[in-house]
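Student: Just dropping this structure here.
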Amino acid sequence: MSSLRGERKRKFKAEINVVPYIDVMLVLLVIFMVAAPMTNPSVINLPTAGQSTQPPSDFIEIALSPNASATISINSKGSRNGSPTISSKETAADRRQLMKKLKEFHQTKPDLPVLVSADKEIKYDEVIQVISEAKKLGINRVGLATK
């Protein structure tokens, strides 16, 4: 039996058709691109801190504000109503000046602890740097103010 097309035999292709796989991968890529903004990996659940058993009555307070200025003061809770009274208050423009004034405060009253009260808009690094430099000055008791 001869075929009309001649005596050629048909060869089978041994190739994989990758077009459907590319379609599936593109659909998965679109799904992940849409789903990625829905997850927020930057949310950190910080632990809550309980109040200390006995807050200090006298302390040096460093108040950090987001406008790059810092206020350092010596506060005393020795008033009648229990609210802190400020016996000395100074403002520093940068961290070097702040540490210079903190050193002066610490030299006059070396037994006072330091309380850092920072605005929530301040970078975490700035607060840690102030705490670290206060520890380098030899201040053992450094704490953070909370609400």
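Student: Using amide H atoms built in the peptide plane, which far-off residues or other-chain residues are under 5 Å from I139 H to H?
Tutor: Result for I139 returns nothing.
Student: Something else: Report, by chain and number, residues whose modeled amide H sits under 5 Å from the one on A92, excluding near sequence neighbours (fewer than 5 apart, same chain).
Tutor: Close amide H contacts, sequence-distant or interchain: A70, T71, I72.
Student: Sort L102, L29, L112 so that the residue with the fewest other Cβ atoms within 10 Å of its own Cβ comes first and the one with the most comes last.
Tutor: L29, L112, L102
Student: If you don't mind, another one. Which ³J(HN,Hα) values, rounded to whole Hz and listed in residue order, are derived for the stretch 16-21 from phi using the Karplus coefficients 6.51, -1.76 and 1.60 in 6.51 cos²θ - 1.76 cosθ + 1.60 with θ = phi - 60°, glycine and proline given as x?
Tutor: So the J values, rounded to whole Hz, are 9, 7, 8, 4, x, 5.
Student: When V114, V18 are ordered from fewest to most other Cβ atoms inside 10 Å of their Cβ, what list results?
Tutor: The order, fewest Cβ neighbours first, is V18, V114.
Student: Through the Karplus equation 6.51 cos²θ - 1.76 cosθ + 1.60, θ set to phi - 60°, convert the phi angles of the stretch 102-119 into ³J(HN,Hα) values in whole Hz; use x for Gly and Pro.
Tutor: Result, ordered by residue: 5, 5, 5, 4, 5, 5, 6, 9, x, 8, 7, x, 10, 10, 9, 10, 10, 5 Hz.
Student: Could you please rank F32, F12, F105, placing first whichever residue has the fewest other Cβ atoms within 10 Å of its Cβ?
Tutor: Final ranking by Cβ density, sparse to dense: F12, F32, F105.
Each value in this text was obtained by applying a stated rule to the coordinates, not by laboratory testing. What you see is a predicted model, and the numbers here were worked out from it, not measured in a lab. All Cβ positions, even for glycine, are placed from backbone atoms using ideal geometry, and neighbour counts span all protein chains on display.
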